[in-house]
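Asker: This is the structure I have questions about; it appears just below.
The values are calculated or read from the model by the stated rules, or taken from the named source; none is laboratory data. Predicted, not measured: the structure shown is a model, and the values here were computed from it. Neighbour counts are summed over all protein chains in view; Cβ atoms, including those assigned to glycine, are modelled from backbone coordinates with ideal geometry.
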């Protein structure tokens, strides 16, 4: 399609951008898709796909590390090529390679395309993603620094990898490279790994990693690097510490939204430290300008896909009232063991509910028959629910397939399915999902076995005057 009018211009062909572009194009809208780099964004090229392929292949003890990394790149590149081909062949999508800038409401200029291109559309969707946050460490040579943008380009696993950041990326890569024979030192300024999860999950993961020989240094920060001896200098709660023989340092301390050079200030789009500010439908404060994905501070591919679908709905069907609460977004970390959670955090629950109104249930997978057969040592299902009613407020799963188990609990929270109803569900035997049924059974026995007392306790907490700022469960 020549320069001129489109129904929508999508800036960025990552997960969120592709969801919007394909969704609108599938409904007959003419879409210009602008991408300055590789198709698929971070997820396809430097995030979800290569990391999960690496995790999968590293479980084979007979695979050579260099061969594994080569396979990872081949898988990634094959998917990128397929996505690019699909976008080029789509009848309602015009793929334009170059860097886009919003020049005025409804107008975009693309530099880098042959001769430059001026585009116009009633709707502009910004989906430019994010990049790895950098950290300057005195004395650390640039050739020893890695981020997720460089990690999968390694020809072979390093002998000793120091990882700064014990969040999702740090944990996943620590587990994968450790299985490939790399010595791992995992460092975080927080006092526990995966601080966004509940402390029980952090403890289980940390214990499992230590059992695998991964050195955890928590509450610490890197202060320098000495090339002689390849020594990473740390400041820890116990005082200075030196980690010798470090070949590479992976920086995994967070992400920075890509908001620069887009012309957002020119048209009045508001940004902050987390990126572009949007509502639950992806709308910015400027009519006709939307944003989705990492650039909004939402750093999960499935969250970008979910918001992308909502944007498609609002653009394609503006006559439909924007009703319905935002979708419930689960989190998953593909470490070993896996960790997944959904719903309210313990802190949020404490701010909303009186302590006596909530019950905490935990079933260790080691105490289940499937946990016995699979020799599961570090895993559990934990659920916080409202007393008497069994309405689930939040849940965490740790162990094999935790990322799959959490979908069951997410559905229960979203549809307000009580633990009393879950206790009547039949779970295939023996499965890890049976731990959810065990937790539901525990709740049902405690509740129905003392129904008058539970009802009285529920009424005492449910109908009393809530604290200022709190909401009733």
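Asker: Kindly check whether there is at least one residue in the stretch 44-56 that is at pLDDT below 95 and surrounded by fewer than 18 Cβ atoms within 10 Å (Cβ to Cβ).
Answerer: no
Asker: While we're on this one: Exactly one condition in (1) more than 19 Å from residue 14 (Cα to Cα); (2) touching a residue at least 12 places away in the same chain (Cβ under 8 Å) is false for residue 367; which is it?
Answerer: (2)
Asker: Follow-up question, since we're still on this one. Does any residue of the stretch 339-349 turn out to be surrounded by fewer than 16 Cβ atoms within 10 Å (Cβ to Cβ) and either more than 18 Å from the chain's Cα centre (by Cα) or in contact (Cβ under 8 Å) with a residue 12 or more places away in the chain (or both)?
Answerer: Yes, the conditions are met somewhere in the stretch 339-349.
Asker: Tell me the residue from 206, 222, 238, 252 that is crowded, with 21+ Cβ neighbours inside 10 Å and out of contact with any helix residue (DSSP H, G or I) (no Cβ under 9 Å at 6 or more places or on another chain), please.
Answerer: Among 206, 222, 238, 252, only 222 is crowded, with 21+ Cβ neighbours inside 10 Å and out of contact with any helix residue (DSSP H, G or I) (no Cβ under 9 Å at 6 or more places or on another chain).
Asker: Could I ask something else about it? Please state which of the following conditions residue 305 fails to meet, knowing it meets all the rest: (1) part of a loop (DSSP other than H, G, I, E, B); (2) at pLDDT 95 or above; (3) under 25 Å from residue 34 (Cα atoms).
Answerer: All conditions pass for residue 305, except number (1).
Asker: Which one of these does residue 81 not meet: (1) out of contact with any helix residue (DSSP H, G or I) (no Cβ under 8 Å at 6 or more places or on another chain); (2) buried (at least 17 other Cβ atoms within 10 Å of the Cβ); (3) assigned to a helix (DSSP H, G or I)?
Answerer: (2)
Asker: Got a number for residues in the stretch 280-294 being more than 25 Å from the chain's Cα centre (by Cα) and in contact (Cβ under 8 Å) with a residue 24 or more places away in the chain?
Answerer: Matching residues across the stretch 280-294 total 3.
Asker: A further question on this structure: Given the residues 176, 190, 156, which is the only one that is surrounded by fewer than 17 Cβ atoms within 10 Å (Cβ to Cβ), touching a helix residue (DSSP H, G or I) at 6+ places or on another chain (Cβ under 6 Å) and touching a residue at least 24 places away in the same chain (Cβ under 8 Å)?
Answerer: 156
Asker: Turning to a different aspect of this structure: What residue, among those in the stretch 289-299 that are in contact with a helix residue (DSSP H, G or I) (Cβ under 9 Å, 6 or more places away or on another chain) and either outside the structural domain of residue 15 (by TED's automatic domain parsing) or part of a loop (DSSP other than H, G, I, E, B) (or both), is nearest to residue 261 (Cα to Cα)?
Answerer: 292
Asker: Do the conditions hold for residue 411, that is, is it in a helix (DSSP H, G or I), out of contact with any strand residue (DSSP E or B) (no Cβ under 9 Å at 6 or more places or on another chain), within 20 Å of residue 341 (Cβ to Cβ) and at pLDDT 95 or above?
Answerer: yes
Asker: For the stretch 255-282: of the residues being part of a strand (DSSP E or B) and touching a strand residue (DSSP E or B) at 6+ places or on another chain (Cβ under 7 Å), which is surrounded by the fewest Cβ atoms within 10 Å (Cβ to Cβ)?
Answerer: 256
Asker: Does the stretch 109-146 hold any residues that are part of a loop (DSSP other than H, G, I, E, B), out of contact with any helix residue (DSSP H, G or I) (no Cβ under 9 Å at 6 or more places or on another chain) and either farther than 23 Å from residue 30 by Cα or at pLDDT 95 or above (or both), and which are they?
Answerer: Passing the criteria: 133, 134, 135, 136, 137, 138, 139, 140, 141.
Asker: Also: I need a count of the residues in the stretch 1-17 that are at pLDDT 95 or above and not in a strand (DSSP E or B).
Answerer: Of the residues in the stretch 1-17, 6 are at pLDDT 95 or above and not in a strand (DSSP E or B).
Asker: Among the residues of the stretch 168-216, which ones are assigned to a loop (DSSP other than H, G, I, E, B) and under 23 Å from residue 132 (Cα atoms)?
Answerer: Selection gives 182, 189, 190, 191, 192, 193, 194, 195, 196, 197.
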